[in-house]
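Input: a single structure, listed below in structure tokens.
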Amino acid sequence: MKKILFVLMAVCCTAYAQTPSIKKSAPLTAASPESVGVSSQRLNRIDAMINRAMEENVIPGAVAIITRNGKIVYQKAFGQSDVQANKAFETNSIFRIASQSKAITTTAVMMLWEEGHFFLDDPISKYIPEFKNPTLLDRFNLKDSTYTTKPAGREITIRQLMNHTSGLGYGVIDGDQSFKAIYKKAGVTDLFTTEEIPIGESVKKLAKLPLHHVPGEAYVYSEGIDVLGYFVEVISGMKLDEYFSQHIFKPLGMSDTYFYLPKSKANRLVEVQTKKGDKWVPFTDDFYDVNYPKTGAKTFFSGGAGLSSTVFDYATFLQMYLNGGELNGTRLLSRKTVEFMLENQVGELFGKDAGFGLGFSVLNEKGAADGGKGSKGTFRWGGYFNTQYFADPVENTIGIIMKQTQQTGGDYTGDMFRQMVFQSIDD
């Protein structure tokens, strides 16, 4: 009987996750900047800024896109995606977007929420029992990574996983050395891997580990979105890559977004680069396999960091949010759902100029008053390999700039690009 119910639930998820809409916003298409209140001459200042950053050897190049009112007014490629191979960036270059994957995973969670499968404040242990009775780190021995725990006294909720207040850590990129050691010893997979590991295996290891803090009492950037990737599998009965493809990527026309690239598109993946002296060279690291996402077992679908995409595909995804959850006559989310996802969910735990919603940081009045960051309600994030995006609902404007560098420092182009997008508005 349980098996029959599970199959029926999976069929419902497959059939009704996205629906036709009475609204029909057009897909992104190119238009003259002036037709949507943007100055071509002022956009040229962005070219100059990116070229200056390349001349200063801050970046080897970049790809950027700007949209306003659903129209592409700027889409350009600069510099070299692989300096040693003398390979140029193209506007359709594919980037590892890392933590930009998080907003796509929270979108999937909220699509399932809209179908009535759970409440946001349900304990995650109701669906992944291994999370029952979480503990806090009490004492830690740095010499051998042994530790003691004490009860957390509160269960982790689905909402807290989305807004990074669950208390979970982030392993190798965690700010606390104790948690780095604990996650490594437990064999938790951080970000992604080319090894043959299903996400459920790593999530269940994570569930047994102590938390940074009592759930809900602090903001700590975490692997909570990876937990939610597995949660999507549990609720939908589908593998995460299949759910994304069927219910988000295909309906939106995001034809270049994948966990693992098909061979026909692997040559478009940008090299991760770093500087050796004053020369750009391929980046290597023991932390992750640089051949990801081209090779390996291709079984680990990291909802928090595993996707690769293009500036156009990601702009398409963000435009769906600016449209209130719809694009090209297909509705992924209700306008009302989008509205509260983009409200601050964490009080003052995240910062003074922004709060954090369900998948995005959200600019508040102070942040908007600082200047150059957008209007109140602008939502944004970025990725580990140096990609950044923002979307301003008031101005109906999207800006994305993607690079692919590591351990270089001094890159001002993300913040400067955002600042210069807003100076280009001319209406």
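Residue by residue, here is whether (1) of a type in the set (Ser, Thr, Tyr); (2) without any contact (Cβ under 8 Å) to a residue 60 or more places away in the chain holds:
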{"residue": "Met111", "(1), (2)": "no, no"}
{"residue": "Glu114", "(1), (2)": "no, no"}
{"residue": "Pro129", "(1), (2)": "no, yes"}
{"residue": "Gly153", "(1), (2)": "no, no"}
{"residue": "Leu168", "(1), (2)": "no, yes"}
{"residue": "Asp174", "(1), (2)": "no, yes"}
{"residue": "Gln177", "(1), (2)": "no, yes"}
{"residue": "Tyr183", "(1), (2)": "yes, yes"}
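Candidates in segment 135-172 are the residues that are in a helix (DSSP H, G or I) and modelled with pLDDT of 95 or more; of these, the one that is farthest from Gly357 (Cα to Cα) is Ile158.
The C-beta contact set for segment 410-427 (first residue over 12 Å from Gly371 (Cα atoms) and open to solvent by 40 Å² or more (accessible area, probe 1.4 Å), second residue hydroxyl-bearing (Ser, Thr, Tyr) and at pLDDT 95 or above, distance under 6 angstrom, 6+ apart or interchain) comprises Asp426/Ser39.
When we screen Thr405, Thr413 for residues that are within 26 Å of Arg268 (Cα to Cα), in contact with a Pro (Cβ under 8 Å, 6 or more places away or on another chain) and not aromatic (Phe, Trp, Tyr), the only hit is Thr405. Being of a type outside the set (Ser, Thr, Tyr) and under 21 Å from Lys150 (Cα atoms) is a description that does not apply to Gly200.
Just name the residue that is surrounded by the most Cβ atoms within 10 Å (Cβ to Cβ) out of those in segment 254-267 that are touching a Lys or Arg at 6+ places or on another chain (Cβ under 9 Å) and of a type in the set (D, E, K, R). Filtering segment 254-267 for residues that are touching a Lys or Arg at 6+ places or on another chain (Cβ under 9 Å) and of a type in the set (D, E, K, R), the one surrounded by the most Cβ atoms within 10 Å (Cβ to Cβ) comes out as Asp256. Yes or no: Lys102 out of contact with any strand residue (DSSP E or B) (no Cβ under 6 Å at 6 or more places or on another chain) and open to solvent by 30 Å² or more (accessible area, probe 1.4 Å)? Here the answer is no, as Lys102 does not meet what is asked. Looking at Thr29, Thr67, Thr91, which one is within 28 Å of Phe249 (Cα to Cα), surrounded by 17 or more Cβ atoms within 10 Å (Cβ to Cβ) and among the β-branched types (Val, Ile, Thr)? Checking each option against the conditions leaves just Thr67. Within segment 183-231, can you find the residues that are open to solvent by less than 30 Å² (accessible area, probe 1.4 Å), part of a helix (DSSP H, G or I), within 22 Å of Tyr384 (Cα to Cα) and not β-branched (Val, Ile, Thr)? If the condition is that a residue be open to solvent by less than 30 Å² (accessible area, probe 1.4 Å), part of a helix (DSSP H, G or I), within 22 Å of Tyr384 (Cα to Cα) and not β-branched (Val, Ile, Thr), then Tyr183, Ser202, Leu206, Gly224, Asp226, Leu228, Gly229 are the ones that fit. Looking at segment 355-371, can you tell me whether even one residue there is among the charged types (D, E, K, R) and either outside any helix (DSSP H, G or I) or under 17 Å from the mean Cα position of the chain (by Cα) (or both)? No: zero hits. The combined condition, being surrounded by fewer than 21 Cβ atoms within 10 Å (Cβ to Cβ), touching a helix residue (DSSP H, G or I) at 6+ places or on another chain (Cβ under 9 Å) and of a type outside the set (Val, Ile, Thr), is not fulfilled by Ala152. For segment 105-119, what are the residues that are open to solvent by less than 10 Å² (accessible area, probe 1.4 Å) and out of contact with any Leu (no Cβ under 7 Å at 6 or more places or on another chain)? Once the filter is applied, which keeps residues that are open to solvent by less than 10 Å² (accessible area, probe 1.4 Å) and out of contact with any Leu (no Cβ under 7 Å at 6 or more places or on another chain), segment 105-119 yields Ala108, Leu112. Within segment 268-304, the set of residues being of a type in the set (Lys, Arg), buried (at least 16 other Cβ atoms within 10 Å of the Cβ) and not in a loop (DSSP other than H, G, I, E, B) comprises Arg268, Lys275. Any chance segment 364-378 includes a residue that's in contact with a strand residue (DSSP E or B) (Cβ under 8 Å, 6 or more places away or on another chain) and open to solvent by 60 Å² or more (accessible area, probe 1.4 Å)? Yes.
Is it the case, given these coordinates, that Ile235 is closer than 19 Å to Gln388 by Cβ and outside any loop (DSSP other than H, G, I, E, B)? No: the conditions fail for Ile235.
For segment 173-182, enumerate the residues that are out of contact with any Phe, Trp or Tyr (no Cβ under 7 Å at 6 or more places or on another chain), in a helix (DSSP H, G or I) and either of a type in the set (Ser, Thr, Tyr) or surrounded by fewer than 22 Cβ atoms within 10 Å (Cβ to Cβ) (or both). Across segment 173-182, the qualifying residues are Ile173, Gln177, Lys180, Ala181.
Taking segment 86-134 as the range and being on the phi < 0 side of the Ramachandran plot, among the polar types (S, T, N, Q) and assigned to a loop (DSSP other than H, G, I, E, B) as the test, the residues that pass are Thr91, Asn92, Ser93. Reported count of residues in segment 19-62, each being without any contact (Cβ under 8 Å) to a residue 60 or more places away in the chain, of a type in the set (D, E, K, R) and not in a loop (DSSP other than H, G, I, E, B), is 3.
The values are calculated or read from the model by the stated rules, or taken from the named source; none is laboratory data. Every value quoted in this text rests on a predicted model; they were computed, and no experiment measured them. Cβ sites come from the backbone with ideal geometry, for glycine too, and all protein chains shown count toward neighbours. Ligands, DNA and RNA are stripped out before the accessible areas are found, and what is left, the full protein with its side chains, is counted by its heavy atoms. Shrake-Rupley method; radii C 1.70, N 1.55, O 1.52, S 1.80 Å.
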